[in-house]
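Throughout, read-outs are computed from the coordinates displayed, never taken from laboratory work. Everything numeric here is computed off the predicted structure, so don't read it as measured data. Every residue, glycine among them, receives a Cβ derived from its backbone with ideal geometry; neighbour counts consider all protein chains shown.
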Ligand SMILES: Nc1ncnc2c1ncn2[C@@H]1O[C@H](COP(=O)(O)OP(=O)(O)O)[C@@H](O)[C@H]1O
Ligand SMILES: [Mg+2]
């Protein structure tokens, strides 16, 4: 099964289950943040978007202390695939599973729009349906999606091919003008060094049905399903 | 006779104190009679909030009674927390719109946020999962830095709360007019979906059943907040009312929604109600009144946030994110456990009695003992005098023959597209989560929002609901009867443009001080127009809200009856959008353009005047037109349908060429030159829709059969918008890019200059 | 010149952030934490002749821009040259 | 016992809020303001035997929960009984 972690304040948790289960036919279920362990048949973990604990302190800061997160960490360290979107990305950064931090958007506004995303590294299990240079269209909706990392972390991300997605223009051009939130290097999504933990600000679960935002998000979720089922 | 003791420290209750509580001398006498004694201080507080305009509807009741409220598909009309309509498959839509005008003027972020929070509670209190929000917001001119600040704040508040709670904001209205300079409007709408046989009501039934309090603790915030703020004009004392502002807590609301919905999927509770304006008092009275029961409450059991609160403060506090419910006997533990799992307080605070009295105890003393009915059901009802405004006839005068013809139609079009009322509202909507819950087929930017219906277990259906909020306050000021009819007609037409059938409406009647006969006349006329239009279109009024005293220093807002129409689309895989989707489609104009320039944006732009009679509303035509749209979309003949409203034909056609990301597909049209060209281009005749079709013959035939005027006027394609009179030189021929740039920059360019 | 300004919610105003953090402390096992309130902190660098000149400027800034007087109080904590 | 904790952005981390306030100062005519940085302030009420007992608890709280060490620094400003 695929575990969609439900924190108090999660919003896109049910949307993630809808995408995974109803649309992509995977066995996905909500797992309560207060559980001390993931289900024993867990093949992959999704940390969904939303406002866990209201995002009152910092986004994701309180959620990472939830009991189930200790087991998610163990799961990731054992190589299990973990995907965090939006608030889930923030939780993964706060809990140290991914480097860096997500900060207030450059213009201080919440932004809801469809972003163009340039595929860069395709080395991880999450990129099985992607090719370098491809442009995906997936919605973003966040107030704190400005990716920050210290120079050495950033260099390591680049060197190790951990940068999967960058914000770009319709034809793939990456520039300040195509950066919606001020993220360093237009970074929209990264993996950990091992490539089994993926965090991104865009919402793949909101791009899985043609009439509801297109189907580019399904490429990412299907990759996770394959990775989990192959494991 | 009832007994209730005064507490040491309570002020002496007399006629003078009653006046300070905004009770009239007559109401004071009434209280003495009802109780047979002098009220205690908390009792006086209760009467004052329950009988304030905001809770009692004393000025408006008489008129609201005349509205059509029932139909076969109406499951719940006005009187509950929100209205409900059946949408088939055993499902119901619950919806309502509510104002938060005064609080938002005092503190825009929190005022708007708590407005959203309040309307959400009205929806989920009935067992429905809130799925779509709209916000209808109105400000003074953007040249005024104060109103730029207010707009930024309100948008931050609406978004901050709605985004966090996890309900998509899919549409709304954003307007600017000097009449709102001293009194902005913030009307928040929400719609939820529920299994029709699982609708919960706010009733306190079952003698002996426990009364349970859940949610945030009660604090000292908002005492006399909504009730008093919304029941008096603004004067210079607005600043002193500041302490009544409350801070919203969307995280708690999010947990409250999940906990309440979980609870309502069990059979532990028999009645549930949120604590809105006037807090604990109002909800307890309403619940008992609806059930014909009484309640005894141990007030000291209520979770408290602040130290040393008095019963008076506890009863009148308007702390947010609180619910009151009546559970089945013996289920107390199960109920409280659900809330605790979501990190929320829940306490048994009382029980239902059979004596029809509200008894409130405080550390062993009874401090309130009032019969329920006279306070709620028998609250005062006034028959306020009405009088047509002296200046009305004057402002309705407009001699169009004396108006110089438009010399520069291209310049006028660009200026109108850039104007704050007609320009793109993407700056606003971009700050809202338009997608969460994954049902948004059409979000902000369409004629109506279109939202797929899912069952509560997440199973998607083929159904979708279309929602549109509309009001043209200028028209309502020129003629409140016709203006309100036009608002109902437009909202229904917008809904029909997606292909949906309008089902029912909710409304928020924003007016000035009802004690003035001229304002009361506007109100009465608007309600009359609302009722007639709702009747004619078969869309009953199932919920609503009245916001009076929208005046500052004697100057009232324009009458602003915000209408929100909800319609049903049986198969969302067939729906129309308001943009052109393909080049080479035939453009058809449905409806008739008359020489109507009264009250138009163009008239204001060219002459600075707001004058004349608003365009005629033909409800018969409207019904035929909307039926045609529905059938045409269902038959696959209509892929684009865009309502012609503010700014007239030229503006509407331009809007059809704007895609959600930028300039889209252009258009070439020819208009028959029968009436003055500026009226053809910019007149705002109602009942017109621009349609794009790949089967024009079938559509024209269908229109003919339906008795709807329809003319083939051009084709989509290219990257320009060109409008030409038959056989003449182009009036307008502008690149879509340029039109779009003007339209898109309207708000940002005015707001980004700090 | 450098000044430090605190902006805090007025005592009777709900502090959802502090409330949530306080609750989290409990579940994280920080047992002794009884209450948390969150405020804002501003470090302002400014040009002014001396403290006496800076103070009214800072007060106005704090009142007009840094705090929301409807729900918040401010305090000029320090001014250093 | 009552403690005050400051959380501020590390010097090399951009502060868009502070920057926006700084820009607003300029356009509102507060000429002398050269730079504004915004941080967070936490007032923590806690049970502890004395300051010596409180400090490590507060340090842990600040390090683990109240600040994000990637981008922020914290300082325990005061502990009062
Ligand atoms: N405050 C707002 N929030 C969300 N959407 C808005 C807001 N204001 C306007 N919109 C959207 O912008 C579009 C244009 O609004 P409006 O000019 O009122 O449309 P119409 O004339 O068709 O009624 C609509 O899709 C509406 O939903
Ligand atoms: Mg409208």
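Binning all Cα-Cα separations of region B:272-387 at 10 Å, short to long from zero, yields these whole-percent fractions: 12, 42, 32, 9, 3, 1.
Of the two radii for region C:2-80, the radius of gyration is 1.12 times the Kirkwood radius, both from the alpha carbons; that is the Rg over Rh value.
Taking Cα atoms only, the orientation of helix B:332-341 departs from the longest principal axis of chain B by about 50 degrees. Annotation: the residues B:43, B:332, sorted from fewest to most other C-beta atoms within 10 Å of their own C-beta, follow the order B:332, B:43.
Given in Å, the Rg to one decimal and the Dmax to the nearest whole number for the Cα atoms of region B:554-599 are 18.3, 55.
Kirkwood hydrodynamic radius of region A:117-169 from all distinct Cα pairs, in Å? Show your work: numbers first, answer last.
Numbers: mean 1/r = 0.0813 Å⁻¹.
About 12.3 Å for region A:117-169.
Compare the peptides D:66-75, A:40-49 by average per-residue count of other Cβ atoms within 10 angstrom and give them in order, highest first. Spell out each step's value before the answer.
Values: D:66-75: 19.4, A:40-49: 22.6.
Sorting D:66-75, A:40-49 by mean packing, highest first, produces A:40-49, D:66-75.
Averaged over peptide A:140-150, how many Cβ atoms belonging to another chain are found within 10 Å of each residue's Cβ?
Working: counts 1, 9, 2, 7, 0, 0, 2, 0, 6, 2, 5.
Per-residue shielding by partner chains comes out at 3.
Within 10 Å of each Cβ of D:14-26, how many other protein chain Cβ atoms are there on average?
4
Beta-bridge orientation, region A:2-230: approximately 60 percent antiparallel, per DSSP, counting only bridges with both partners inside.
Arranged by the count of other C-beta atoms within 10 angstrom, fewest first, what order do B:704, B:572 take?
Values: B:704 12, B:572 24.
Ascending number of Cβ neighbours within 10 Å: B:704, B:572.
Across chain B, the mean sequence separation of Cα contacts (distance under 8 Å, 6 or more residues apart), normalised by length, yields a relative contact order of 15 percent.
I'd like the antiparallel share, as a percent to the nearest 5, of DSSP beta bridges with both residues in the protein assembly as shown.
Numbers: 163 of 206 bridges.
Of all bridge pairs located within the protein assembly as shown, approximately 80 percent are antiparallel.
What is the ratio of the Cα radius of gyration of region B:512-640 to 2.2 N^0.38 Å, with N the residue count, to two decimals?
Ratio of Cα Rg to 2.2 N^0.38 Å: 1.37.
For a distance above 27 Å, tell me the whole-number percent of Cα pairs in chain A that qualify.
Working: 6083 of 26565 pairs.
Roughly 23 percent, once rounded to a whole number.
On a 0 to 90 degree scale, rounded to 10, what angle separates helix B:409-418 from the longest Cα axis of chain B? Once rounded, the angle reads 20 degrees.
Note down the relative contact order for region B:56-165 as a percent, whole number, built from C-alpha pairs under 8 angstrom at least six residues apart. Display every interim value, and only then the final one.
Working: 113 pairs, mean separation 24.2, N = 110.
Answer for region B:56-165 is 22 percent.
Summarised in one figure, the compactness ratio Rg/Rh of region B:401-490, Cα atoms and Kirkwood Rh, is 1.12. Dividing the mean sequence gap of close Cα pairs (under 8 Å, 6+ apart) by how many residues chain C holds gives a relative contact order of 53 percent.
Expressed as a fraction of 2.2 N^0.38 Å, the C-alpha radius of gyration for region B:661-754 is 1.32.
What is the packing order of peptides D:22-32, B:409-419, taking the mean over residues of other C-beta atoms within 10 Å and listing the highest first? If you can, show how the numbers build up before the last one.
Working: D:22-32: 14.4, B:409-419: 20.5.
Per-residue mean Cβ counts within 10 Å order the peptides as B:409-419, D:22-32.
Semi-axes of the equivalent ellipsoid of region B:610-703 are 22, 19, 13 Å, computed as sqrt(5λ) over the eigenvalues of the C-alpha gyration tensor in descending order. Going by neighbour counts of Cβ atoms within 10 Å, the residues B:287, B:297 line up, fewest first, as B:297, B:287.
Rounded to the nearest whole Å³, what is the per residue volume of the convex hull around the Cα atoms of the protein assembly as shown?
Numbers: hull volume 198.8 nm³, N = 1147.
So the per-residue Cα hull volume is 173 Å³.
For region B:39-195, the equivalent ellipsoid derived from the alpha-carbon gyration tensor has semi-axes of 27, 23, 16 Å in decreasing order. Based on DSSP H segments of at least four residues, each scored -39500 (n - 2.57), the protein assembly as shown has a per-residue ellipticity at 222 nm of -9000 deg cm²/dmol. Which whole-angstrom value gives the distance between the alpha carbon centres of region B:68-133 and region B:21-43? About 33 Å separates the Cα centre of region B:68-133 from the one of region B:21-43.
Semi-axes of region A:116-208's equivalent ellipsoid from the Cα gyration tensor, sqrt of 5 times each eigenvalue, largest first, rounded to whole Å? Write down the numbers at each step before the final one.
Values: eigenvalues 63, 53, 33 Å².
Over the Cα atoms of region A:116-208, the semi-axes work out to 18, 16, 13 Å.
Against the main long axis of the alpha-carbon atoms of chain B, helix B:480-497 sits at an angle near 70°.
Remark: mean inter-chain Cβ contacts per residue of C:65-71 equal 6, using a 10 Å Cβ-Cβ cutoff to other protein chain atoms. Most tightly packed first, judged by the mean number of other beta-carbon atoms within 10 Å of their residues, the peptides B:555-563, B:671-679 read B:555-563, B:671-679.
The Cα atoms of chain B define a convex hull whose projected area, averaged across directions, is 30.1 nm².
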